[in-house]
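For reference, the structure discussed in these notes is given below.
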Amino acid sequence: MPLLLDLFLTFLKIGAVSFGGGYGMIPMLTDEVISHGWLTETELMNFIAVSESTPGPIAINMATFIGAAKGGFLGALLATLGVVLPAFIIILIVAAVVRGLLKFAGVKGFLSGVRPVVVGLIISTGAILFLTVVIGYTKIGNPVSFDWKAAVIFGIVAAIYITYKLVRKKTFSPIILILISAVLGMFFYGVL
């Protein structure tokens, strides 16, 4: 199958079955991208970090970046279209009938059942990112390489967030936390 068609169909599949937004799709995206051999696990983690820190939804950013890396501009366009198209169609359909659907117990049950799964997927994504980036754990049997610099950055950012939330009773801006992390990364990894 040609690469561009494969990019489109793969991201169409991811977009069609991923519930809970971009973080919920990361486990499936990881499986697909690595099984296709498009990126290594380290490259994928870097793409996730860049996607997280750039404006826009992480799912669209990931599709665009991976598509561009593998197929240039057309690859980015097709991967992005693939991941967006299912949600766009579903939203159009749901918007047309939403008021009538929410009164049915089956729809309420479906939504109640999906929420815990989405939370679990987001938690697992965070745990996998933490294990990969800070602990250096990628597979059973592989040696771990603890990254103390990443652990310190994580600790500083977590302390800032928790302290601010406790003192000010508000959440800290994720954008500022990302900027703080970037500056700390440049400092600890020798760029500054």
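Readers should treat all values here as calculations from the given coordinates under stated rules, not as data from a laboratory. Keep in mind that this is a model prediction, so the values were computed, not measured. FYI the Cβ positions are ideal-geometry reconstructions off the backbone, even for glycines, and counts take in every protein chain you see.
When both the range 23-52 and the range 136-165 are represented by their alpha-carbon centers, they are found 19 Å apart. Working note: 222 nm ellipticity from helices only, DSSP H runs with n ≥ 4, each -39,500 (n - 2.57), summed and divided by the residues of the chain, gives -27000 deg cm²/dmol to the nearest 500. Computed from the Cβ-Cβ distance with R0 of 35 Å, the FRET efficiency linking Thr42 to Val107 stands at 0.25.
For Lys165, the lysines whose Cα falls under 28 Å of its own Cα, not counting residues fewer than eight places away in the same chain, are Lys149. In order along the range 177-190, phi translates into HN-Hα couplings of 4, 5, 5, 4, 4, 5, 5, 4, x, 5, 5, 5, 9, x Hz, rounded to whole numbers, per the Karplus curve 6.51 cos²θ - 1.76 cosθ + 1.60 with θ = phi - 60° and x for Gly and Pro.
The mean of 1/r over all distinct Cα pairs in the range 133-192, once inverted, gives the Kirkwood hydrodynamic radius of 12.9 Å.
Panel order for Val157, Val167, by other beta carbons found within 10 Å of each beta carbon, from fewest to most: Val167, Val157. Whole-Hz Karplus values for the range 32-48 come out as 5, 5, 6, 5, 6, x, 6, 9, 7, 5, 5, 4, 4, 4, 5, 5, 4 Hz, taken residue by residue from phi with 6.51 cos²θ - 1.76 cosθ + 1.60 and θ = phi - 60°; glycine and proline positions read x.
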